[in-house]
């Protein structure tokens, strides 16, 4: 039961969509009743609700800026958070967050989740985010003395580490991959886990100019949104032919199979029209249908996935699979939002991932050396030029990396590119050309 | 046994990383790992994946609030124990997925999920979020937990999802629609490539707390934080501080991130902008940024009616007008932005014309427009 009235929050208990207010209230009630020896304030959920009600009334947040909190030896994983009205809301005045590094693609055994719940009931607010934007399990709200206790129990009892925060490698994330998707061009879960384990030091101890994110998408559909938000996006692709089952194509044309795996079943779009819905929508016009047989000019295909998404029982990704690697995606702060830039058109993504690790380390060396404070990799590449970035990565320029060639002629030549170099004598010039 | 504060480094374990996902894969997933042939959406929120070995896994997808109590997680565990042999997963968009290996197990699972409600009456596990429809909104912390928020997150999301609820559970849109919310420009949830993005924005330059600034902040870092060069060092009443050129400020809040003595948030100044037409899949068209189509709406807790109204207007105009497979941004590009504003009825103002780094690339440099 809330100590004060929360009329605005109560309004958010109405409606059909799951109410986070009802959920916080149920946790508040559970804390009232429990026999557990609670180490964080019993009233924390009630005070949190009151803080939020006050924010709704004031139309401004009530959390202080930052505040140092953490566990020994790590520079990340804990976000210090203090309420700016501690006297009014003593049970939520310290409300620190722990980021717990999620397992690849969020599969869980309930046994593990129950252990985590038990820990967080006793030592925290009992509130979480499943999951935070980067991917971590977020344990939301505890006091300073509990931080080390939670970390000790996480590492000893749950065999589980914290995730990243601050200027570190943030907890890498991946799509569901081969676990349950026919489009996965490489094992995103394993790549994600292997690189997370390889770079534990970079993840826990800030040594970078700013944050760095790896994200692993299994195909160009991009379910984990790596192309928009990862400093390094590894996006599955293939370089041979789309596999076609002509009988299944006919089954789609004949209306036997539902197009787009049934994704459009909620409206009558009329019978499936392969010409209109697949052939004409192909961005490279590399497909043909003669009424019996589907043809794909694979050399001209840019692997957009539309035909495969639309007829998943008839078309399959190729067999020579790997990934395209893009660098530099980020949200707008500071120089504006960037999408990832295609840097490696194709790389095999197989254990032990040496080629990928070699590339990552070259990029990190350069960024650590040249990057300004709080400069994301994408911004550094813009500032220094993509050609410089290619030099750092030790790869040759390729027209696949650009949308179009430059339209201005301001080319930076290197002195070694130009016969005779740049050293010239003005006296020799004057012999031929008077002042 | 446990943490010993008097000897913090004793038996310390570090750098163990996350738990291995392989421990957590349901047996049917483990057996068919990498062998999946195709999938089908049987009905909204219900998928079947079929493997080359002939095995099938059935998935029931339900929406969830990103903020979740352990009481709720324990209930999820109870359901997973009862129906799914103790396995469950979440999606990248805060949905929960329950998987079974037999079609006969689907119905009891779905019935069990349907009947569960919170005390206030909202559903605990609404089914849907698949195919050409609406899925869950990904979002940030908002006023519940963040110091830079220009708006709330969970509350706005609840208000929007309540209004659009029916379309979470049906698949009548021309294509997927992804709505995202970030409560400030830092975008800890990157929303800049969403079909519809709700973004918390400020409209007032930072206040400067001259009395404390020098103690709280590194002045050179505060000065360097400004992308438009609007901040310079200054001495105010004998105290070292900074001065802000209000004309140059674009309220990005980067100075506040570096310096707590420069708060921006304001009851009247802060609110919501709406961006549309972004995508990140490579399907048909290439990934695109979302574009600002509503520069500002006020914060109106608890239900943000103007924000919800604007989103409904945009979404349902698109749903009525777009062709099959056309994402919101593809539709807007095809009909032209002049038509977008005409059809949605949203006002076009000078605030929507870019004047930042790559502004010129967004201006029309042709005579190809529509009257």
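The values are calculated or read from the model by the stated rules, or taken from the named source; none is laboratory data. All of these numbers come straight from a predicted model, not from anything done at the bench. Note that we place each Cβ from the backbone using ideal geometry, even for glycine, and neighbour counts take in every protein chain shown.
General remarks:
- Restricting the stretch A:351-379 to residues that are closer than 22 Å to residue A:239 by Cα and out of contact with any helix residue (DSSP H, G or I) (no Cβ under 9 Å at 6 or more places or on another chain), the residue that is nearest to the other protein chains (Cβ to nearest Cβ): A:354
- Checked against the criteria, residue B:326 does not count as surrounded by 18 or more Cβ atoms within 10 Å (Cβ to Cβ) and free of Cβ contacts under 8 Å to residues at least 24 places away in the same chain.
- Residue A:307 more than 9 Å from chain B (Cβ to nearest Cβ), in contact with a strand residue (DSSP E or B) (Cβ under 8 Å, 6 or more places away or on another chain) and buried (at least 21 other Cβ atoms within 10 Å of the Cβ): yes
- Whichever residue in the stretch B:20-62 is at the interface with chain A (Cβ under 7 Å from one of its Cβ atoms), over 28 Å from the mean Cα position of the chain (by Cα) and part of a loop (DSSP other than H, G, I, E, B) and, among such residues, is surrounded by the fewest Cβ atoms within 10 Å (Cβ to Cβ): B:34
- Counting the residues of the stretch B:256-277 that are at pLDDT below 95 and more than 11 Å from every other protein chain (Cβ to nearest Cβ) gives 0.
- When the stretch B:349-358 is filtered for residues that are outside any helix (DSSP H, G or I) and more than 14 Å from chain A (Cβ to nearest Cβ), the ones remaining, listed by number, are B:349, B:353.
- On inspection, residue A:404 passes the criterion of being exposed (fewer than 15 other Cβ atoms within 10 Å of the Cβ) and in a loop (DSSP other than H, G, I, E, B).
- Tally, over the stretch A:170-218, of residues that are more than 14 Å from the chain's Cα centre (by Cα) and not in a helix (DSSP H, G or I): 15
- Any hit, the stretch A:42-60, residues being surrounded by fewer than 21 Cβ atoms within 10 Å (Cβ to Cβ), away from every other protein chain (no Cβ under 12 Å) and at pLDDT 95 or above: yes
- Out of B:189, B:120, B:169, B:200, sole residue that is surrounded by fewer than 19 Cβ atoms within 10 Å (Cβ to Cβ) and under 23 Å from residue A:130 (Cβ atoms): B:120
Residue by residue, here is whether (1) farther than 24 Å from residue A:216 by Cβ; (2) free of Cβ contacts under 8 Å to residues at least 24 places away in the same chain holds:
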| site | (1), (2) |
| --- | --- |
| A:266 | yes, yes |
| A:271 | yes, yes |
| A:281 | yes, no |
| A:291 | yes, yes |
| A:303 | no, no |
| A:313 | yes, no |
| A:321 | no, no |
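- Restricting the stretch A:180-195 to residues that are under 26 Å from residue A:114 (Cβ atoms) and in contact with a strand residue (DSSP E or B) (Cβ under 7 Å, 6 or more places away or on another chain), the residue that is farthest from the other protein chains (Cβ to nearest Cβ): A:192
- The one condition from (1) surrounded by 19 or more Cβ atoms within 10 Å (Cβ to Cβ); (2) within 10 Å of chain A (Cβ to nearest Cβ) that residue B:242 does not meet is (2).
- Whichever residue in the stretch A:225-252 is surrounded by 22 or more Cβ atoms within 10 Å (Cβ to Cβ) and in contact with a helix residue (DSSP H, G or I) (Cβ under 8 Å, 6 or more places away or on another chain) and, among such residues, is farthest from residue A:357 (Cα to Cα): A:252
- Looking across B:65, B:80, one residue alone is at the interface with chain A (Cβ under 7 Å from one of its Cβ atoms), in contact (Cβ under 8 Å) with a residue 24 or more places away in the chain and either over 18 Å from residue A:175 (Cα atoms) or touching a helix residue (DSSP H, G or I) at 6+ places or on another chain (Cβ under 9 Å) (or both). It is B:65.
- Residues in the stretch A:196-219 that are within 11 Å of chain B (Cβ to nearest Cβ) and surrounded by fewer than 24 Cβ atoms within 10 Å (Cβ to Cβ): A:197, A:198, A:199, A:200, A:201, A:202, A:205, A:211, A:213.
- Those residues of the stretch B:352-361 which are surrounded by 14 or more Cβ atoms within 10 Å (Cβ to Cβ) and out of contact with any helix residue (DSSP H, G or I) (no Cβ under 6 Å at 6 or more places or on another chain), in sequence order: B:352
- Breaking point among (1) farther than 30 Å from residue A:346 by Cα; (2) in contact with a helix residue (DSSP H, G or I) (Cβ under 7 Å, 6 or more places away or on another chain); (3) assigned to a helix (DSSP H, G or I), for residue A:429: (2)
- Single condition residue B:148 does not satisfy, out of (1) within 17 Å of the chain's Cα centre (by Cα); (2) at the interface with chain A (Cβ under 9 Å from one of its Cβ atoms); (3) closer than 30 Å to residue B:318 by Cβ: (3)
- Screening A:322, A:295 for residues that are part of a strand (DSSP E or B), buried (at least 18 other Cβ atoms within 10 Å of the Cβ) and more than 9 Å from every other protein chain (Cβ to nearest Cβ) leaves exactly one candidate, A:322.
- Among the conditions (1) assigned to a helix (DSSP H, G or I); (2) touching a residue at least 60 places away in the same chain (Cβ under 8 Å); (3) facing chain B (nearest Cβ under 9 Å), the only one that residue A:31 does not satisfy is (3).
- Single residue of A:255, A:270 found to be modelled with pLDDT of 95 or more, within 11 Å of chain B (Cβ to nearest Cβ) and on the phi > 0 side of the Ramachandran plot: A:270
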